[in-house]
1. Would you please name the chymotrypsin sites (Phe, Trp or Tyr not before Pro) within the stretch 31-97 that are DSSP coil residues with at most 10 other C-beta atoms within 10 Å of their C-beta?
2. What is the dipole size for the chain, taken about its Cα centre, with +1 at each Lys and Arg Cβ and -1 at each Asp and Glu Cβ, in debye to the nearest 20?
3. Find out how many positive minus negative residues lie around residue 138, taking Lys and Arg as positive, Asp and Glu as negative, among other residues whose Cβ is under 15 Å from that of residue 138.
4. Among 139, 115, 84, rank each residue by its count of other Cβ atoms within 10 Å, from fewest to most, as a rough exposure measure.
5. Which far-off residues, 5 or more places away or on another chain, put their amide H under 5 Å from the one on residue 67, with H placed in the peptide plane?
6. Starting at the first residue of the stretch 86-102, write each ³J(HN,Hα) from the Karplus equation 6.51 cos²θ - 1.76 cosθ + 1.60 with θ = phi - 60°, in whole Hz, x for Gly and Pro.
7. Taking P(r) over Cα pairs in 5 Å bins from 0, in percent as the quantity of interest, determine which of (1) 2, 10, 19, 23, 23, 15, 7, 1; (2) 2, 9, 17, 22, 20, 14, 9, 5, 2, 1, 0; (3) 1, 7, 12, 13, 17, 17, 13, 10, 6, 3, 1, 0 was computed from the displayed structure.
8. How much net charge surrounds residue 55 when only other residues with a Cβ under 10 Å from its Cβ are counted (Lys, Arg +1; Asp, Glu -1)?
Amino acid sequence: MAEIITLVLSNLHAVLLGAAILIALLKGAPLASRLLEWVLLLPIGVGYLWAGFFHVVMPEVAARSIGWQVSPFQFEIGVADMSIGLLAILSFWRSLSFKAAVALYIMLFSIGVSIGHVREAMAGDLAPNNFGLLLVLTIVEIIILPILLWGAHREGAARA
């Protein structure tokens, strides 16, 4: 049981993304709007709160998982992660315009994060949370967020 819990918590972002997709599919139409809501709520909202918590409260654990040394910048990135998480969670109950603003910030932030992690990997940092599944999921979110926003906008226009 401990191994299963460790596996889930170590891959929480992937688990939450899978849950968001499953819930959105079960909730039915309009699919793009539902998927956008659930992606913002679960993998981004809860996932960023989780990451921020570790950077702020357990910086040694977070640094080790990324291949970093403990740094004062971890507190800053932790607060930024928690801010993103809270806004993404709040967006679940807000308008498409609010969701779009949150998603745009997440996309820009994630592009910068991804570039930084790839640059670190090229310098030899192949730690799991630097150059692994989390980076892949971050890039996937950069790609799917504008697609979901566009789809949600089209669904809203079709209903109007």
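1. When the chymotrypsin sites (Phe, Trp or Tyr not before Pro) of the stretch 31-97 are filtered for loop state and at most 10 Cβ neighbours within 10 Å, 93 remain.
2. On the way: 8 positive and 9 negative charges, 124 e Å.
I would put it at about 600 debye.
3. Details: positive: 119; negative: 81, 120, 141.
Cβ neighbours under 15 Å give a net charge of -2.
4. Working: 139 16, 115 10, 84 22.
Lowest to highest Cβ neighbour count: 115, 139, 84.
5. For residue 67, whose amide H was placed from the backbone, there are no distant partners under 5 Å.
6. So the Karplus estimates, Gly and Pro as x, are 5, 5, 5, 5, 4, 5, 3, 9, 10, 6, 4, 4, 5, 4, 5, 5, 5 Hz.
7. Given (1) 2, 10, 19, 23, 23, 15, 7, 1; (2) 2, 9, 17, 22, 20, 14, 9, 5, 2, 1, 0; (3) 1, 7, 12, 13, 17, 17, 13, 10, 6, 3, 1, 0, the calculated one carries the label (2).
8. Numbers: positive: none; negative: 76, 81.
Its environment carries a net charge of -2.
Every read-out reported here was derived from the displayed coordinates using simple, explicitly stated rules and does not represent laboratory data. This structure is a prediction, so every number in the text was calculated from the model and none was measured. Cβ atoms come from the backbone with ideal geometry, glycine included; neighbour counts cover every protein chain shown.
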